[in-house]
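The values are calculated or read from the model by the stated rules, or taken from the named source; none is laboratory data. This structure is a prediction, so every number in the text was calculated from the model and none was measured. Here the Cβ positions follow ideal geometry from the backbone for every residue, glycine too, while neighbour counts run over all protein chains shown.
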Amino acid sequence: MSADAFHAARDFLFRTREDYETAYRDFRWPKLDRFNWALDHFDAMAKSNERPALWQVDEGAGEIKVSFAAMSARSNQVANWFRSLGVKRGDRVLLMLGNVVPLWESLLAAMKLGAVIVPATTLLTRDDLLDRFSRGRVRHVITGAANASKFDDLPGDYTRIIVGGEKPDWHSYSSADTASTSFTPDGETKATDPLLLYFTSGTTSKPKLVLHSHQSYPVGHLSTMYWLGLKPGDVHLNISSPGWAKHAWSCIFAPWNAGATVFLFNQPRFSAKPLLDTLVRCGVTTFCAPPTVWRILIQEDLATWKVKLSEVIGAGEPLNPEVIERVRAAWGLTIRDGYGQTETTAQVGNSPGQSVKAGSMGRPLPGYTVRLVDPDGKEQTEAEICLPLADRPLGLMQGYQDDDGRIRPLEGEVYRTGDVAHRDADGYLTYVGRADDVFKASDYRISPFELESVMIEHAAVVEAAIVPSPDPLRLAVPKAFIVLASGRKPDRDTALALFRHARDHLSPFKRVRRIEFSDLPKTISGKIRRVELRRNEAEQRQAGKRGAAEFWEEDFPELK
């Protein structure tokens, strides 16, 4: 049975949790034919299982615990009710909910029916939704009362399901309460059947449509489970917003592959101290957060919080060494970085029990062969991260969906990620930057991330983004867009301090030559839109203008 093969592969990773060499050498993706993760894995795990599958804490508003057994039964009810509304195998279902229990119930229910889930953040605009409906071919919508009005003037004959309220012409989610808790599928699910259709964040153009199957994400996230270090009984908190791939990585598939509890902490506005208090009170054992959160947390005296954490992880963009050292000093734990994409599960990571090299995102994870390939197809020590298709990992997407609805299969010898990394003699990979972010200054290749890591080590800096600033002599010079810490002034003295900091920590050819204090444009998933900064900077230089709070190294005679 496919479920047996899946569990055998998972259990092997449990046994080799801290033995990377054995895990990487001997792990094999399970061979699957018919497989529905919700029916064949989750329901089987949930039978008579009263441990919490989901634990939701709302700051100042109580908490909810839902056992595996209750989640299984409730998702059966929801699946039966969805079926009565016309949701069927292959239908596209837009799921636009926050971190609330019905999100997990609905996802399992749709999976049991064989419907295709289109995850959506609640931040989407009307134009974003029109794009989802048009290119994503959405047939059904599930959203909360606070967001239902976004669909008022969206045309189309689609099923409208509202959570947490009532609205004319909408079906109230609470109606599922009367449905049967016994569910019978309308047929078998092929492991290669479509399951998830993601719209990527689109830093340079319209989002791409990434299609995953019933095996590529649920089963593919065995690699993510291994990277996070999850095991049965863990209480895992991942700070990530629904609608993005990382939420499915660490709030659904990886923890429930392991039989761990998914822990949620909802805050009206992010604040470090309540989060830290909750980590301690609720006994969270594994914690994954993006760099922005870690940078805020280290502003507190972390050692005063006696956490029960065994694993701490960073994700989204590489972490700076200073942040990692501050957490290690306070808690005796090393933040472990990793790497993956919407198109894949975790490809590279610092797995538990292994040496962590400063700045490195780790080594290829079990099930992934990673090559660094230049534009000419030659393997190098520093080049684009690629996955050979002759040894295709199970966690790689089926392909991109074109605007006409057809799936464009992956072709060629490798799948190219668009990200550049460096591999050292021990096989550890260090992120260099996006292939289109690396630039040349005075004929030297400059990695924005390397310079950003240095700038953010200064106490005045919260965030930094490096782009090339056109220069008639050097072709380009590195320019830093800086978000300052609270209480810091965007003035000449601060700029001088930062220029001196850059001089002290960077080689002359890498030095930041221009600084501008400003907010950073970001995608709705929180990634910095460096492409926008580059375009605006090029236009400014062409016009001969400077920003309102912009300083150039040449303006400071004291630096000469």
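Going by what's in this entry, would Gly377 be described as of a type in the set (Gly, Ala, Ser), in a loop (DSSP other than H, G, I, E, B) and under 16 Å from Tyr415 (Cβ atoms)? For Gly377, the condition - of a type in the set (Gly, Ala, Ser), in a loop (DSSP other than H, G, I, E, B) and under 16 Å from Tyr415 (Cβ atoms) - is met. The residue of the stretch 432-457 that is surrounded by the most Cβ atoms within 10 Å (Cβ to Cβ), among those that are part of a strand (DSSP E or B) and in contact with a helix residue (DSSP H, G or I) (Cβ under 6 Å, 6 or more places away or on another chain), is Gly433. Which of the residues that make up the stretch 415-429 are assigned to a strand (DSSP E or B) and either of a type in the set (Phe, Trp, Tyr) or not assigned by TED's automatic domain parsing to the domain that holds Lys378 (or both)? Across the stretch 415-429, the qualifying residue is only Tyr415. Note on the stretch 414-443: residues that are farther than 16 Å from Tyr368 by Cβ and not polar (S, T, N, Q) amount to 17. Out of curiosity, is Ser2 of a type in the set (Ser, Thr, Tyr) and surrounded by 15 or more Cβ atoms within 10 Å (Cβ to Cβ)? Against the criterion (of a type in the set (Ser, Thr, Tyr) and surrounded by 15 or more Cβ atoms within 10 Å (Cβ to Cβ)), Ser2 qualifies.
For the stretch 81-88, the condition of being over 25 Å from Thr121 (Cα atoms), surrounded by fewer than 15 Cβ atoms within 10 Å (Cβ to Cβ) and either assigned by TED's automatic domain parsing to the domain that holds Asn147 or not charged (D, E, K, R) (or both) holds for at least one residue. Checked against (1) crowded, with 21+ Cβ neighbours inside 10 Å; (2) within 25 Å of Ala5 (Cα to Cα); (3) in the same structural domain as Pro409 (by TED's automatic domain parsing); (4) out of contact with any Cys (no Cβ under 6 Å at 6 or more places or on another chain), Leu195 meets all criteria but (3). Checking Leu123, Leu108 one by one, the residue that is among the hydrophobic types (A, V, I, L, M, F, W, C), modelled with pLDDT of 95 or more and under 29 Å from Ile407 (Cβ atoms) is Leu108 and no other.
Is one or more of the residues making up the stretch 90-104 among the aromatic types (Phe, Trp, Tyr) and free of Cβ contacts under 8 Å to residues at least 60 places away in the same chain? Taking every residue of the stretch 90-104 in turn, none turns out to be among the aromatic types (Phe, Trp, Tyr) and free of Cβ contacts under 8 Å to residues at least 60 places away in the same chain. Within the stretch 168-187, the set of residues being surrounded by 15 or more Cβ atoms within 10 Å (Cβ to Cβ) and either more than 14 Å from Val87 (Cβ to Cβ) or of a type in the set (S, T, N, Q) (or both) comprises Trp170, Ser172. Looking at (1) touching a helix residue (DSSP H, G or I) at 6+ places or on another chain (Cβ under 7 Å); (2) more than 30 Å from Ala245 (Cβ to Cβ), can you tell me which one Ala480 breaks? Result: Ala480 fails condition (2) only.
Only one of the numbered conditions (1) within 27 Å of Ala110 (Cα to Cα); (2) in contact (Cβ under 8 Å) with a residue 24 or more places away in the chain is not met by Glu18, and that is (1). Looking at His7 and the list (1) over 23 Å from Ser216 (Cβ atoms); (2) in contact (Cβ under 8 Å) with a residue 12 or more places away in the chain, which single condition is not satisfied? Failed condition: (1). Test Gly136 against the stated conditions and say whether it is in contact with a Gly (Cβ under 9 Å, 6 or more places away or on another chain) and touching a residue at least 40 places away in the same chain (Cβ under 8 Å). No: the conditions fail for Gly136. Among the residues of the stretch 48-96, write down those that are touching a Gly at 6+ places or on another chain (Cβ under 6 Å) and either aliphatic (A, V, I, L, M) or modelled with pLDDT under 95 (or both). Answer for the stretch 48-96, where residues must be touching a Gly at 6+ places or on another chain (Cβ under 6 Å) and either aliphatic (A, V, I, L, M) or modelled with pLDDT under 95 (or both): there is none. Could you count how many residues in the stretch 509-518 are among the acidic types (Asp, Glu) and in a helix (DSSP H, G or I)? Number satisfying all stated conditions: 0. Among the residues of the stretch 5-44, write down those that are surrounded by fewer than 19 Cβ atoms within 10 Å (Cβ to Cβ) and acidic (Asp, Glu). If the condition is that a residue be surrounded by fewer than 19 Cβ atoms within 10 Å (Cβ to Cβ) and acidic (Asp, Glu), then Asp11, Glu18, Asp19, Glu21, Asp26, Asp33 are the ones that fit.
Screening Leu279, Leu302, Leu228 for residues that are farther than 25 Å from Tyr431 by Cα, of a type outside the set (S, T, N, Q), surrounded by 15 or more Cβ atoms within 10 Å (Cβ to Cβ) and touching a strand residue (DSSP E or B) at 6+ places or on another chain (Cβ under 9 Å) leaves exactly one candidate, Leu279. When the residues of the stretch 146-192 are filtered to those that are outside any helix (DSSP H, G or I), farther than 30 Å from Thr342 by Cα and among the polar types (S, T, N, Q), the one that is nearest to the chain's Cα centre (by Cα) is Ser172. Take the residues in the stretch 306-325 that are free of Cβ contacts under 8 Å to residues at least 60 places away in the same chain and surrounded by 19 or more Cβ atoms within 10 Å (Cβ to Cβ), then tell me which one is nearest to Ala465 (Cα to Cα). Checked the stretch 306-325; the qualifying residue nearest to Ala465 (Cα to Cα) is Leu319.
Report whether or not Thr344 is touching a residue at least 24 places away in the same chain (Cβ under 8 Å), in a loop (DSSP other than H, G, I, E, B) and among the polar types (S, T, N, Q). Answer is yes for this residue. Yes or no: the stretch 193-213 includes at least one residue that is assigned to a helix (DSSP H, G or I) and not β-branched (Val, Ile, Thr). No, there is no match, as no residue in the stretch 193-213 is assigned to a helix (DSSP H, G or I) and not β-branched (Val, Ile, Thr).
Kindly establish whether Ala465 is more than 23 Å from the chain's Cα centre (by Cα) and buried (at least 18 other Cβ atoms within 10 Å of the Cβ). When the stated conditions are applied, Ala465 does not pass them. Here is the figure for the stretch 519-549: residues that are outside any loop (DSSP other than H, G, I, E, B), of a type outside the set (Lys, Arg) and over 24 Å from Thr292 (Cβ atoms) total 5.
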